[in-house]
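What follows is a single structure, written as structure tokens, with notes after it.
The values are calculated or read from the model by the stated rules, or taken from the named source; none is laboratory data. Computed from a predicted model, the values in this text were never measured in an experiment. As a convention, Cβ positions derive from the backbone with ideal geometry for all residues, glycine included, and neighbour counts pool all protein chains shown.
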Amino acid sequence: MAADREERRFAEVSRDSVKLMAESAGLELGDEVAALLAEDVCYRLREAAQSSAQFMRHAKRKKLTVDDFNKALRWSNVEAICGYGAQDAMLFRSVKEGELFFVEDRDINLIELALATNIPKGCAETMVRANVAYLDGKGNVGPQGTVPAAVQSLSDDLLKYYQQITRAILGEDPHLMKVALQDLQSNSKIAALLPYFVYVISGVKSVSHDLEQLNRLLHMVKSLVQNPYLYLGSYVRSLVSSVMYCILEPLAASINPLNDHWTLRDYAALLLSHIFWTHGDLVSGLYRQILLSLQKVLSDPVRPLCSHYGAVVGLHALGWKAVERVLFPHLPAYWANLQAVLDDYSVSNAQVKADGHKVYGAILVAVERLLKMKALSLPQPAEGCSIPLPAMYSELYSFFGDSLAVRFSTEQSFGGFSPCTPSHFRETRKEPLGHVSNPDTTRKMPQLTANLNITLRPQDQSLARSSMQRSRASSSRSGQRSIGLSRDVFPKARFTSPHSGPPTFSFVIGGRQMGRRCQGRRPFQTIFVPTPPPPVVLPRVYTHKLPVIGRVCKPLRRWTRSHYSLHLPL
Amino acid sequence: NESAPQESESNQIVSCSKIHIPSNHLGGFNRSNANDGRLLSSSPGAGTGGTATGNNKPAPGPPEEQQTLLAVLQFLKKSKLAESAEILRREAGLPEDALDPKGTDASGSGPGLAAGSGQVDGVDASSLLSRVTVSSSAAAQAPKKAAAGEDQPDVSVVLSAYSQQGDPSLYDAYYSGLKRFIESVLDCHRAELSQLFYPLFVHMYLELVYNNNESVAKAFFEKFSGDQECYYEQDLRILSSLTKKEHMKGNETLLDFRTSKFVLRISRDSYQLLKRHLQERQNNQIWNIIQEHLYIDIFDGMPRSKSQIDAMSGSLAGEARREANKAKVFYGLLKEPEIELPLDDEDEEAENEEGKPKKKKPKKDSMGSKSKKQDPNAPLQTRIPLPELKDSDKLDKIMYMKESTKRIRLGSDNLPSICFYTFLNAYQGLTAVDVTDDSSLIAGGFADSTVRVWSVTPKKLRKVKSAADLNLIDKESDDVLERIMDEKTASELKILYGHSGPVYGISFSPDRNYLLSSSEDGTIRLWSLQTFTCLVGYKGHNYPVWDTQFSPYGYYFVSGGHDRVARLWATDHYQPLRIFAGHLADITCTRFHPNSNYVATGSSDRTIRLWDVLNGNCVRIFTGHKGPIHALAFSPNGKFLASGATDGRVLLWDIGHGLMVGELKGHTDTIYSLRFSRDGEILASGSMDNTVRLWDAMKAFDDLETDDFTAATGHIHLQDNSQELLLGTYMTKSTPVLHLHFTRRNLLLAAGAYNP
């Protein structure tokens, strides 16, 4: 039986499962009986699945629902299965000890549910809308903008709410604004308004002269993003583009040096990283797109320095991986330009030079964080492609000189590396420099590394443990203990693979796979995860692009201000 | 304690001798009335045509009846029910030794089986048979099969046909032997004979399964399932999941396969070739299956090409027998009633009553087909009693004609505008849509059992006042029809509650006073659009009713569902007037012919049938689709039928000749709606792939080659001109197109639910 199992093309209920179920009902089954039953169960299941497909077809859907299946069960006089009608995907949990998988069946607090104040309402009136799609066989629909036409008509209540909120946020009264933002952040009934708000926010382009307004709009973004009841869906893209505008564009407001557009850019960058970490998975390829546009700005010498500043803080906010991937390789080229600006002591250049110093500072901060994080994550075998830390440091040192060294002066060694005196590195520099000078070749090609994981548990564990200890030691020294700790816990919980047995063969595609989200999903990263990875969040099912009210289970990831800010926690 | 079994036995006697087994299965109606009549009338024709099929009863006369009696008698004896046997023998007046000369009986049934195949072969065939079948059971089985063959399946009887044992290990050899032979014949015959593969494969597999040779069956399936045509994939998947005898009971697909003979059309030359081969090889097993389970429709003339065969095959039970499509169909339109038409321009309407008839005439010609002359192909005006026109109907007709004078003439260079009705926030699931003929109302059936009706004009929907309030109004006033409406209830949307399952079919009455809805709960409900309440619940289908539609003249309506029968109802009868039985699987869609005399049904058995409302006969069977049919549309002139299926293809049929006349390829998903423009120039199709496509119907029907040979044999040769006929593809915004409707002025309305 086991032999011909391979050639079957159906999902099967195994004999053991049948036995287990019988046991749970208090019966002992013989092997033969179980096998027969298992086969019969499979057949009945297939039969039911086939008839349930009929209901799906007649309901003119492409998605088979539990309801369809229940109707099919009724045809064959079987009781319906209750409790699985929800739209959300079921979370399968596993119990390590018993090789058991089950759907979590949480207790629901009915009292809480009954007394809940955030009952969604007022957005789901079924209605018919007519629109002339094609005139005389020719399309007359306008090009679809980034903000799709709102498909819901608003009730009067919502319309009033919308007016009040926008008036409050864009108005003069700071107290009113605060209240409005607070409500925007916690209101559960505004899903229908989301497109309108997104549209308002996209108005950043028209108020680039008014820092105050820009700030308010960014706050609005923040509130929307933090509202746990909103499903942003593809609106994320539009929000991101508005935020990117604030980060990168040479805003009209920045002509006047008295305007503190730098803070705005910092704030926008912060917001960008927040949107990305919490909602980045709603739109595929978002990370790449953001990186690309940042890179484009950075490599464009015509752009004013404030744009460059934005690009740098943006990269910094996206994490040290982004810095390593975009900023670092670009630094030698960029440095020349910046140096020219900084070295010009003429009076007419004073303003530009001041801007240059801003950029310089931003780069310095970004680079420093890169070095630190890199040091922390050093014992990482899978990253075969990145530049070794010493080489990186020495190269950066060549740009920043002692101003970089000063940054690390408080800790004499990190990551198990010797004090970073330039002389020390100079010896090792020659060889890696050739390597560094053309870093793209090493980084751009995805590398296939065959990894023969002969699972020798104890050794593996100890290796991991030693590395962790090391990292803990270093992190405690650098004063980032909390982060280090969370890192320690994580890999153990998630990546100890339960199966043992034949050697497994896994491929590592390096180079391209940066960014935290990818790493969280990489199955082979068994030893160390460099940055705080996302908690166990299964990929969401993108069934609803429209705002859906009542999506309560949005994961709220912690993001500390200090972590991404330019002020170093030294 | 013997009385109980005896009783059941005597029941069986009754049922056997009656031939029809009344069964309370499913709808409770066997598929006899339509089928048997056709079969019996067609059998002489088949004899002259030289068919060599198994149970082709040569005129039901005394010899056969006697044979049946003998069989029953034998069964009784075998079951040791001597007393009953004695009674039967006495009552039937059979001689004492009726059962003794078994040999002659067996051979008696032999020629019967091979009767049509020619004299010389007949002997051979019978001797072949006598070697295979156990002579004692042969007589018993034959009549029983005859009984069950066309009747509602009695499971044990049907399955028992498989009990004859061949050596399971030889099945492989038999099949591959035949395969080798077919592959070695001339190209022109190979395509035709290849048709045998699928039915043979299935029957042999089932036989193996039935005889508990699970492993052999699996190996057999593995080895040969890859050879089958790709369009049988769905069936093969069901088949492959079936590996136990116990599972065969209650499997509908299997019963379908067993109860209906798989029909193949093969040219005489190819057939002779096959027969000679099988006789040479003494390939009894295969010969047996061919005799018992296949119906080979032999025609004289050129063998068909592979593409010709592929165009027509794909249904659950093979192609339609040629005789099935020979009946005359009156596809013409009924004469429009003469109505005094104030066809003047708006400004002078309702005045000078005298001037109208003169003005009417020139304008009426523009109406085209609906002239006063009786169409030669039209049925008699009174063939089906139709309701008389009410005043309001006449008014509506006048409106219609006014509108149609403003109609845009469509064509390949003048495409319609499309207006899309999007159902928003239909999270509960939109399952059916209908639009009134004057495009003033739109209704949706939803998976949450509700029916919602919207007004798409500024005129809101109002209920009639309550009885108490109605007493108060002045009945003599001119605007009494206005006064009876309750202004307070005016709203854009009315929701109708009543069903207890998803509403799969929905249809407005032509006069817009009623709405029909059919549901998963097995009922069809009639709703009043005056009071917005349910008037009648029609019960009859015990299973989901997939579709329903009003007759174009109102009063009648048709429904079809999972119980495989379509029913014709009248609104004032709570029981169906006709039951159309014959489909082998669910009826998925139903449509009335424009002249209301015929009903077309599409089914999951991948066939389309046309039924005569007058006598309930099946007058056309169209095969060629490779998936369940979900959309049907008659052309406005009644001559053609278009059908769309899950395979994404639209097929066009000539009703008069019973021919496939076109294949429109382009959609990539199930087609859920089809509609001809008001003058029939354009065919619009809407699909699950979120597109509306427009096809040049004029050209598709004009290019027909309808020479006599084609008409006689039904072997059309379709050129692949889908791309030329496709006039446009129109994307929706991720909205599947569930319904299409041409307004009276030829604006195309499409409807669907936005599915993010």
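Note on region B:531-552: among residues that are within 14 Å of another protein chain (Cβ to nearest Cβ) and surrounded by 20 or more Cβ atoms within 10 Å (Cβ to Cβ), the one that is nearest to A:ASN77 (Cα to Cα) is B:PRO544.
If you filter region B:685-695 down to residues that are within 12 Å of another protein chain (Cβ to nearest Cβ), farther than 15 Å from B:LEU749 by Cβ and in contact with a strand residue (DSSP E or B) (Cβ under 8 Å, 6 or more places away or on another chain), you find that the one that is surrounded by the most Cβ atoms within 10 Å (Cβ to Cβ) is B:SER687.
The helices (runs of 4 or more DSSP H) falling completely within region B:178-281 that include 2 or more residues that are away from chain A (no Cβ under 14 Å) map to B:187-194, B:197-210, B:252-259, B:268-281. Of the set (1) modelled with pLDDT of 85 or more; (2) under 30 Å from A:GLY285 (Cβ atoms), all apply to A:SER234 but (1). Of all residues in region A:54-68, those satisfying the criterion of being more than 10 Å from chain B (Cβ to nearest Cβ) and in a helix (DSSP H, G or I) are A:MET56, A:VAL66. For a quick check of your reading of the model, give me the residue pairs whose first member lies in region B:78-97 and is farther than 16 Å from B:THR68 by Cβ and in a loop (DSSP other than H, G, I, E, B), whose second is at pLDDT below 75 and among the polar types (S, T, N, Q), with beta-carbon atoms closer than 7 Å and at least 6 apart or on different chains. Listed pairs, sorted by first residue: B:LEU81/B:GLN6.
All told, B:ASP478 falls short of being in contact with a His (Cβ under 9 Å, 6 or more places away or on another chain), assigned to a loop (DSSP other than H, G, I, E, B), farther than 10 Å from B:VAL503 by Cβ and modelled with pLDDT under 95. Residue under question is A:HIS209, and the condition is that it be closer than 25 Å to A:ASP260 by Cβ and free of Cβ contacts under 8 Å to residues at least 40 places away in the same chain; does it hold? No; evaluated as a whole, the condition is false for this residue. Of all the criteria given as (1) over 25 Å from B:ASP256 (Cα atoms); (2) β-branched (Val, Ile, Thr); (3) under 21 Å from the mean Cα position of the chain (by Cα), the one not satisfied by B:THR533 is (3). Looking only at region B:300-312, decide whether some residue is among the hydroxyl-bearing types (Ser, Thr, Tyr), surrounded by 21 or more Cβ atoms within 10 Å (Cβ to Cβ) and outside any loop (DSSP other than H, G, I, E, B). No: zero hits. The set of residues from region A:98-116 being small (Gly, Ala, Ser), loosely packed, with under 10 Cβ neighbours inside 10 Å and within 25 Å of A:LYS189 (Cβ to Cβ) comprises just one member, A:ALA114.
Yes or no, residue by residue, for (1) under 20 Å from B:ASN377 (Cβ atoms); (2) within 14 Å of chain A (Cβ to nearest Cβ); (3) surrounded by fewer than 24 Cβ atoms within 10 Å (Cβ to Cβ):
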| site | (1), (2), (3) |
| --- | --- |
| B:GLY554 | no, no, yes |
| B:ALA566 | no, no, no |
| B:ILE579 | no, no, yes |
| B:GLY602 | no, yes, no |
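Would region A:280-294 turn up any residue that is surrounded by 20 or more Cβ atoms within 10 Å (Cβ to Cβ), touching a Ser or Thr at 6+ places or on another chain (Cβ under 6 Å) and in a helix (DSSP H, G or I)? Within region A:280-294, none of the residues are surrounded by 20 or more Cβ atoms within 10 Å (Cβ to Cβ), touching a Ser or Thr at 6+ places or on another chain (Cβ under 6 Å) and in a helix (DSSP H, G or I). Of the listed requirements (1) assigned to a helix (DSSP H, G or I); (2) aromatic (Phe, Trp, Tyr); (3) within 11 Å of another protein chain (Cβ to nearest Cβ), A:TYR134 misses just one: (1).
Being farther than 28 Å from A:ALA72 by Cβ and of a type outside the set (Lys, Arg) holds for only one residue in B:ALA432, B:ALA467, and it is B:ALA467.
B:LEU651 meets all of the listed conditions (1) touching an Asp or Glu at 6+ places or on another chain (Cβ under 6 Å); (2) assigned to a loop (DSSP other than H, G, I, E, B) but one, namely (2). The residues listed here are B:ILE671, B:ILE682, B:ILE621, B:ILE629; of these, the one that is away from chain A (no Cβ under 14 Å) and either under 22 Å from the mean Cα position of the chain (by Cα) or at pLDDT 90 or above (or both) is B:ILE621.
Within region A:24-35, one or more residues are surrounded by 12 or more Cβ atoms within 10 Å (Cβ to Cβ), outside any loop (DSSP other than H, G, I, E, B), within 14 Å of chain B (Cβ to nearest Cβ) and more than 39 Å from the chain's Cα centre (by Cα). Hey, any hits in region B:522-530 for a residue that's within 14 Å of chain A (Cβ to nearest Cβ) and either more than 22 Å from B:ARG578 (Cβ to Cβ) or not in a strand (DSSP E or B) (or both)? Yes, that holds for at least one residue. Within region B:370-377, none of the residues are crowded, with 18+ Cβ neighbours inside 10 Å, out of contact with any Gly (no Cβ under 6 Å at 6 or more places or on another chain), charged (D, E, K, R) and more than 14 Å from chain A (Cβ to nearest Cβ). Scan region B:582-600 residue by residue and report those that are closer than 25 Å to B:GLY332 by Cα, within 14 Å of another protein chain (Cβ to nearest Cβ) and of a type in the set (Ser, Thr, Tyr). B:THR590 - this is the single residue of region B:582-600 that is closer than 25 Å to B:GLY332 by Cα, within 14 Å of another protein chain (Cβ to nearest Cβ) and of a type in the set (Ser, Thr, Tyr). The residues of region B:432-448 that are touching a Lys or Arg at 6+ places or on another chain (Cβ under 6 Å) and either facing chain A (nearest Cβ under 7 Å) or surrounded by 23 or more Cβ atoms within 10 Å (Cβ to Cβ) (or both) amount to a single one, B:GLY444.
Taken as a whole, the condition of being surrounded by 14 or more Cβ atoms within 10 Å (Cβ to Cβ), within 14 Å of chain A (Cβ to nearest Cβ), touching a residue at least 12 places away in the same chain (Cβ under 8 Å) and not in a loop (DSSP other than H, G, I, E, B) does not apply to B:ASP396. Would you check which residues across region B:724-754 are in a loop (DSSP other than H, G, I, E, B), more than 8 Å from every other protein chain (Cβ to nearest Cβ) and under 16 Å from B:GLY666 (Cβ atoms) and list them? Passing the criteria: only B:VAL737. Looking at A:VAL132, A:VAL179, just one residue is β-branched (Val, Ile, Thr), at pLDDT below 80 and surrounded by fewer than 17 Cβ atoms within 10 Å (Cβ to Cβ), and that residue is A:VAL132.
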